[in-house]
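To start, the structure under review is shown below, and the notes come after it.
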Amino acid sequence: MPISVILDCDPGHDDVLAMLVAHGHRDIDLIAVTTVCGNQTVDMVTDNALAVGSLAGMGEVMFARGADRPLAREHRPAADIHGETGMDGPARPANTLILDPRPAPQLIVDEIMSRPAGSVTIVATAPLTNLALALAIEPRIAERADVAIMGGAIENGNVTASAEFNILVDPEAAHIVFAAPWRVTMMGLEVTHLALASAEVRNRLRSIGTPVAAFADELLQFFGERYAEVQDFAEPPVHDLCPLVYLIAPEVFEVRDVDIDVEIAGELTLGRTVVDLRPQATAGRHRVGVDMNVARFWDIVIESIAAIGATSAVH
């Protein structure tokens, strides 16, 4: 039986690839794509999500716009990595989809509460503002859903020495999400920095021969160039695919049961995900990824994108 997923994201090049895999893989029932300010403004990332959904034929998926700012801070976008639109590089697909009238946090609550307990997983590849707002509307969602995120790090961050981007943008929201009684599976930088889009991966994408695969390859072209300039990566890490592939094939990843909290007051450690991996620590209620099978990971990604029969064209 497919896993019902709400993808909360901020497209974003790697978020786009997560959207495509969620739509293309037979074991995922993509209920909704919800957006939040992160890589760019919420208006920009929502436009990006709708355009990609149109290209990939996601007419059965709900799309909802979420928070336009973090809970307690000013928004800090990632234009240095994702460009001025949040999805720079390829020509933008024409948008043929419309937004659900509900704000994203309300849609998240409605879908979780209207379905059997335990049947919905939220995959969050962005700052966790929408999830914190959904918990404020209806705390009981944490008793009825699981969460898998791309965010955080066990050791060094990628924006500061302590913090990864998604968590640092809204650390208060992340603190709320990890404190809620659901289980969060965290795929942080230790794992996502292994998910490198190599030349071989891009060759496999191009060989698919569909508009969706060509679009994905063009995204990786821009993404790779920016990562080489800004963070000195020879190949770009496609972070946001990790929590989604974990749902499809947990055996691809090595995970540990741990306790996780988020620092919201430290002058030098704001946004740090504090992961308790001490040998004497008892097994916690969250999970953190510590390693992955890279070859199997990319097999799943390529197979999923190849399964999409898009009818729209890039304009």
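In loop segments of the stretch 77-159 as defined by DSSP, the GluC sites (Glu not before Pro) with at most 16 further C-beta atoms inside 10 Å of their C-beta are E84, E155. Over the chain, DSSP H runs of length four or greater, each weighted -39,500 (n - 2.57), average out per residue to a 222 nm ellipticity of -11000 deg cm²/dmol. If the segment from L194 to E74 were pulled out straight at 0.36 nm per residue, it would be longer than the present Cα-Cα gap by 40.1 nm. Spacing of the modelled spin labels on R296 and E84, each 7 Å from Cα toward Cβ, amounts to 4.4 nm.
The Stokes-Einstein estimate for the chain, based on a Kirkwood radius over Cα pairs and taken at 4 °C with 1.567 mPa s viscosity, is a diffusion coefficient of 68 µm²/s.
Across the chain, the mean sequence separation of Cα contacts (distance under 8 Å, 6 or more residues apart), normalised by length, yields a relative contact order of 22 percent. Between the C-alpha center of the stretch 248-273 and that of the stretch 159-216 there is a gap of 13 Å.
Comparing P243, P116, P90 in a Gaussian network model of the chain, where Cα atoms under 10 Å apart are tied by springs, the biggest mean-square fluctuation is seen for P116. A crude spin-label estimate for the pair V274 and L99, with each label 7 Å from Cα along the Cβ direction, gives 3.7 nm.
Taken over the Cα atoms of the stretch 7-127, the convex hull encloses 101 Å³ per residue.
The numbers here are math on the coordinates, done by the rules we state, and not lab data. Quantities reported herein were computed from a predicted structural model and do not represent experimental measurements. Positions of Cβ are backbone-derived with ideal geometry, glycine not excepted, and every protein chain shown enters the neighbour counts.
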